[in-house]
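Visitor: Below: one structure in C-alpha cells.
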Amino acid sequence: MSLKQIFLGLLILIGLFACKNDEAQSTPSDFYVALPSPPVKMVNTSGTWLVYEMHIKTPSVQKVDISNAENELLTYTDFNSSEDMHLASIWLPFPENGWNVSQLNHRFTYLDAMGNEKEFDFNLTLPSDFPDPITIQFPVPHGVWIAEGAPGANSYHTRALFSYPEPIFDEDQNGYLFGNNPQRYAIDYALLIDGLPYENDGTQLSDWHCYNLPILAAEGGTVVFTRSDIPDNQTPGELDYETGIDNATGNVVYIKHPDGSIGTYCHMVPNSVLVEVGDEVTTGQEIGRLGNSGNSFGPHLHMHVLTNPENQSITEYSDGFFMESLPYRFADFTKLGALPPGYLDESPLVPFVPTMSESCQHQLPSESDVIEF
C-alpha cells in the first residue's frame with residue numbers, strides 16, 4: 001500500500017506566494033535562482049538542520065557547491081528537474097554555535113543552451129536569529145505510530161511541489177518561482193499494533209488499526225475551513241475516483257493558531273468532521289475521524305502546519321495549496337527504531353521489531369521513524 005503517492009507529482013495550481021530574498025543577484029540571461037521561503041532551522045531525530053529550497057531556471061544544472069567562508073559544506077547534485085526548471089532541497093547540518101560568517105556561497109555549474117559549461121555564484125545571507133518552532137501535541141491517540149514521510153532531505157513530502165501553470169518572475173529576487181510546497185514538514189501517521197499497520201491482508205479499511213480513530217487538534221485555535229463530503233477510497237492501494245485540486249487532501253480541517261500559523265488535517269472519514277468554521281477549539285479536542293478520502297492509498301492522517309505571514313484567507317478548498325509550510329516540534333516522544341522508506345509499499349509486510357528506546361524532546365521524527373507517545 002502506498003501512502004507515498006498522496007502528494008507525489010506536480011499538481012497544477014494557480015497562485016502567488018513568494019519569499020523575498022533580501023539580496024538580489026547579478027544574473028546572466030540564462031541562469032536564475034530564487035527561494036520560495038526563507039531558510040529555517042529545524043531539529044529532527046537525525047540532527048539539527050538548516051533547510052531551504054531553491055528554484056533554478058536554466059537549460060541544465062549539474063551541481064552546486066555550497067560553502068561558508070573557506071569551509072566547504074555540501075556538493076549538491078540531486079535536483080528535481082523538468083525541462084529548464086530545477087528544484088534543490090537543501091539540508092545542511094547546523095553547527096552547534098552557528099556559522100562565523102552569516103553568508104552561504106553557492107557556486108552553480110550549469111550548461112547553457114549551446115551545451116557550454118558555465119558557473120554562477122549566488123550568495124545567501126542568513127538571518128541573525130532563527131525563531132524557535134511552535135510546539136504542538138500529536139494529532140492522534142497514544143500508541144506506536146510510523147511517521148511516514150516525516151521531514152528529511154529525501155522525504156517525498158520535502159521534495160514535492162504544487163506547481164504554477166507557468167513560472168512566476170520575482171523581481172525582488174531576480175528569479176523565477178515554480179510553485180509552493182505546503183507540506184515540506186508533513187507527517188503521515190499510521191498506527192502499528194504487534195508491529196503491523198493492519199490485520200488480515202489489509203484490503204479492507206476496517207483491517208487498518210488507525211482507521212476511524214479520533215483526530216485531535218494538535219494546537220488550539222479558530223477553525224477557518226472544513227470539508228466533509230468526499231468519499232473514502234474503499235480498497236487500500238486503489239483510488240475510487242480521480243483526484244485534483246478540488247479533492248486531493250480529502251476531507252479536511254484547517255485551524256488557525258494564535259501565532260497565525262495554520263494546522264492542516266487531511267483524509268478524514270466522510271461526514272466525521274465535528275467542527276465548523278468559526279469554532280474555537282482547544283488542544284487535544286477531537287475534530288474528526290481518521291480515514292482514506294482524497295488522494296490516499298491507505299488509511300492515515302496527513303498533518304502539517306502552514307505559515308501565513310500575509311494573513312491569507314482559506315475560503316476555497318484549494319487555497320491551502322497556495323501557502324508555504326512551517327517546521328514545528330513535539331515536546332516528547334520515544335523513538336523505537338525506523339523502517340525503510342516505502343515500507344508500506346511492500347507486501348507481505350515484515351512486522352516491525354523495536355531496536356531502541358530513545359527519549360526525544362523538542363524535535364520531530366525523521367522519515368519512517370517508528371515512535372511511541
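The values are calculated or read from the model by the stated rules, or taken from the named source; none is laboratory data. What you are looking at is a predicted structure, and each value in this text was computed from that prediction instead of being measured. Positions of Cβ are backbone-derived with ideal geometry, glycine not excepted, and every protein chain shown enters the neighbour counts. With ligands, DNA and RNA removed, areas are computed over all heavy atoms of the protein, side chains included. Shrake-Rupley method; radii C 1.70, N 1.55, O 1.52, S 1.80 Å.
Visitor: For labels at Ser128 and His142 in the simple 7 Å Cα→Cβ model, what's the distance in nm?
Guide: It is 4.5 nm.
Visitor: Multiplying the sequence separation of Asn154 and Thr109 by 0.36 nm and subtracting their Cα-Cα distance, what value in nm do you get? If you can, show how the numbers build up before the last one.
Guide: Values: separation 45, 0.36 × 45 = 16.20 nm, distance 2.20 nm.
Separation in residues times 0.36 nm, less the Cα-Cα distance, equals 14.0 nm.
Visitor: Under a crude label model (7 Å from the Cα following the beta-carbon direction), how far is Glu83 from Asp246 in nanometres?
Guide: Result: 2.6 nm between the two label points.
Visitor: Could you list which residues have their amide H under 5 Å from that of His157, counting only those 5 or more apart in sequence or on another chain, with H placed in the peptide plane?
Guide: none
Visitor: Using the Karplus equation 6.51 cos²θ - 1.76 cosθ + 1.60 (θ = phi - 60°), what ³J(HN,Hα) coupling, rounded to whole Hz, does each residue of the stretch 238-248 give in order, writing x for Gly and Pro?
Guide: Those phi angles translate into 9, 9, 8, 7, 6, 10, x, 6, 9, 7, 4 Hz.
Visitor: In terms of the Cα gyration tensor, with a ≥ b ≥ c the square roots of its eigenvalues, is the stretch 167-208 rounded because a/c is under 1.5, prolate because a/b exceeds b/c, or oblate?
Guide: Values: a/c = 7.58, a/b = 4.00, b/c = 1.89.
Here the stretch 167-208 falls in the prolate category.
Visitor: Counting only other residues whose beta carbon sits under 10 Å from that of Tyr176, what net charge do I get with K and R as +1, D and E as -1?
Guide: Values: positive: Lys57; negative: Asp84, Glu166, Asp170.
Taking every other residue near Tyr176 into account, the sum is -2.
Visitor: Let me ask something else. Summing Lys, Arg as +1 and Asp, Glu as -1, what charge do residues with Cβ under 11 Å from the Cβ of Ser67 carry, Ser67 excluded? Before the final figure, lay out the partial values.
Guide: Numbers: positive: Arg107; negative: Asp65, Glu70, Glu72, Asp121.
Taking every Cβ under 11 Å from that of Ser67, the sum is -3.
Visitor: What is the Cα centroid distance between the stretch 307-366 and the stretch 94-161, reported in whole angstrom?
Guide: Comparing the Cα centres of the stretch 307-366 and the stretch 94-161, I get a distance of 16 Å.
Visitor: Oh, and also: What does the charge count near Ile136 come to, summing +1 for each Lys or Arg and -1 for each Asp or Glu among other residues with Cβ under 15 Å from its Cβ? Spell out each step's value before the answer.
Guide: Details: positive: Lys256, Arg329; negative: Asp132, Glu219, Asp259, Asp332.
Within the 15 Å Cβ shell, the charges total -2.
Visitor: Using a Debye calculation, one point per C-alpha and no hydration shell, please list log10 I(q)/I(0) for the chain at q = 0.14 Å⁻¹ in order.
Guide: -1.20
Visitor: In the Gaussian network model of the chain, springs joining C-alpha atoms below 10 Å, which of Gly202, Gly260, Gly98 carries the largest mean-square fluctuation?
Guide: Maximum among the listed residues: Gly98.
Visitor: Counting only residues 5 or more places away or on other chains, whose amide H sits under 5 Å from the amide H of Thr249 once H atoms are built in the peptide plane?
Guide: Under 5 Å from the amide H of Thr249 lie the amide H atoms of Asn295, each far enough along the sequence or on another chain.
Visitor: Binned at 10 Å from 0, what are the whole-percent values of the Cα-Cα distance distribution for the stretch 88-244, short to long?
Guide: In order of increasing distance, the bins hold 7, 20, 33, 20, 15, 5 percent.
Visitor: Can I ask one more? Can you give me the Rg/Rh ratio for the stretch 202-352, using Cα atoms for both radii and the Kirkwood formula for Rh? Don't skip to the end; give the middle numbers.
Guide: On the way: Rg = 15.9 Å, Rh = 16.3 Å.
Reported Rg/Rh (Cα atoms, Kirkwood Rh): 0.97.
Visitor: Okay, next question. How many lysine pairs does the chain hold where the Cα atoms are under 30 Å apart and the two sit 8 or more places apart or on different chains?
Guide: Lysine pairs satisfying the spacing and distance rule in the chain number 17.
Visitor: Between Ser206 and Glu119, what is the spin-label point distance in nm, taking each point 7 Å from the Cα along the Cα→C-beta axis?
Guide: 6.6
Visitor: Keeping the other protein chains in place, figure out the carbon and sulfur percent of the accessible area of the stretch 133-217, with a 1.4 Å probe.
Guide: 48
Visitor: Could you calculate the contour length gain from Gln312 to Leu74, that is, 0.36 nm times the residue separation minus the distance between their Cα atoms, to one decimal place in nm? All intermediate terms of the calculation are to be shown ahead of the outcome.
Guide: On the way: separation 238, 0.36 × 238 = 85.68 nm, distance 3.56 nm.
Residue separation times 0.36 nm, minus the Cα-Cα distance, leaves 82.1 nm.
Visitor: Quote the FRET efficiency, to the nearest 0.05, computed for Asp172 versus Val353 with a Förster distance R0 of 51 Å and r equal to the Cβ-Cβ distance.
Guide: Values: r = 52 Å, r/R0 = 1.01.
Efficiency at R0 = 51 Å is approximately 0.50.
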